[in-house]
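Input: a single structure, listed below in structure tokens.
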Amino acid sequence: MSYVNKKGKTTASRLMIIRQQVSDVISYGKIITTKTKAKETQKHVEKLITLAKLGTLEAKRRIMSVILDTKTAERQKLLEKLLGIAKKYKDRQGGYTRVLNLGTRLGDNTEEAIIQFV
């Protein structure tokens, strides 16, 4: 990942960016971000959906430890929304999200992508 090893990027800040993007994907259904962040976020969203498919109390607690509040919903509402999404994918064995390339951004020529649910 090209954005990880830059000065000023600690592990804590990198993980917080991923947690926020995971919460935004659950809340809005899709987000536009850089290609490397989208690929990293995709891994975490897939794991959370797999946990949500279990539906146990332990799985719900593990999900709650990852997701954050967004502008449109709080953590509890996001958990309920994720459980609803997981019911939609109950027969699917993975591949719950996709990353679509958008091209480069005008300001800094960084590749952008959309991450969304399938």
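Give all pairs with beta carbons closer than 6 Å in which a residue from region 91-113 that is open to solvent by 70 Å² or more (accessible area, probe 1.4 Å) meets a residue that is polar (S, T, N, Q); count only pairs at least 6 apart in sequence or on separate chains. Note: pairs meeting the criteria are Glu111/Thr104. Selection of region 48-93 for residues being among the hydrophobic types (A, V, I, L, M, F, W, C) and not in a helix (DSSP H, G or I) yields Val66, Ile67, Leu68, Ala73. When region 40-73 is limited to residues that are over 19 Å from Arg92 (Cα atoms), open to solvent by 30 Å² or more (accessible area, probe 1.4 Å) and among the charged types (D, E, K, R), the one that is farthest from the chain's Cα centre (by Cα) turns out to be Glu58.
The values are calculated or read from the model by the stated rules, or taken from the named source; none is laboratory data. As the structure is a prediction and not an experimental result, all values here were calculated from the model. Note that we place each Cβ from the backbone using ideal geometry, even for glycine, and neighbour counts take in every protein chain shown. These area figures cover heavy atoms from the full protein model, side chains too; ligands, DNA and RNA do not enter into them. Shrake-Rupley method; radii C 1.70, N 1.55, O 1.52, S 1.80 Å.
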